Amino acid sequence: MESAVNNQPDISGEIAGRSLEEWNAAYVKVENYFHALRIRNKPLLGRMVLRVLERAQLRAPAEPQRSATELSAEEMDKFVTEWFAAVLQTSPTGTDQMLSTRGRLALLLCDMPGKWQDQFLRPGPWPTEFVEAMRETFFRAGPDFQLSKMVPRPLDLGPLTTLSNLGKLPYVRMISVWLLYGLLLVLIFWLTHHSFDEVIENVKVLLGKLFPFAVH
């Protein structure tokens, strides 16, 4: 880590009022951020991390309550956002609070890591093709851009669905369903064990007991 920052430790072994362990943690944080943007060029990656840490070290003495990681994270976002503003010719402090987010998305949409990795965070002028690709993908990644989402669908359980839905019927309808089912079983039994006339007579008797008001 000692070779990863410009400033040398003071007599207490600190840099800008922070321990080397703090700057180590800040270095890893910034490096991981650039890894997420798919920056794989080691010399380029090292230079970018150093520039961010240098900016954080300039602020550190005036803000003793802030950790090195906090300062570095803020300076990293400012550094990248300022660069986006320069490339896209827009204000980093304007009304668009999503400049940093949309800019990072534009980088990936235009395949910056694959085609123009060496242009990332460099001062202009930049290749015309790169600028045009960045601006086009930036507007494509505007407020109307939405990540596709899978809409959950109800499970089709076939016959089980019908059975489970019976439990949702009103109480009276449920009773009626079971009564009809019982009558059907009785009818099948009598048809297989008695003559048709006997079955009719017994059904009338049964109905008379269940619904006396309906039998005359």
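One quarter of the convex hull surface, Cα atoms only: what value does that give for region 2-140 in nm²?
8.7
Need one number: nm distance between label points at Ser19 and Glu201, each 7 Å from Cα along Cα→Cβ, rounded to one decimal.
Modelled inter-label distance: 10.3 nm.
Given R₀ = 25 Å, FRET efficiency for Thr101-Arg59 by Cβ-Cβ distance, to 0.05?
Efficiency at R0 = 25 Å is approximately 0.60.
Suppose each label sits 7 Å from its Cα in the direction of the beta carbon; what would the Leu179-Glu82 distance come out to in nanometres?
My value for the distance between the label points is 8.4 nm.
What whole-number distance in Å separates the alpha-carbon centres of region 118-140 and region 41-92?
Region 118-140 and region 41-92 have Cα centres spaced 20 Å from each other.
Any read-out appearing in this document is the output of simple, stated calculations on the displayed coordinates, not a laboratory observation. Values in this document were obtained by computation on a predicted structure and should not be read as measured data. All Cβ positions, glycine included, derive from the backbone under ideal geometry; neighbour counts span all protein chains shown.
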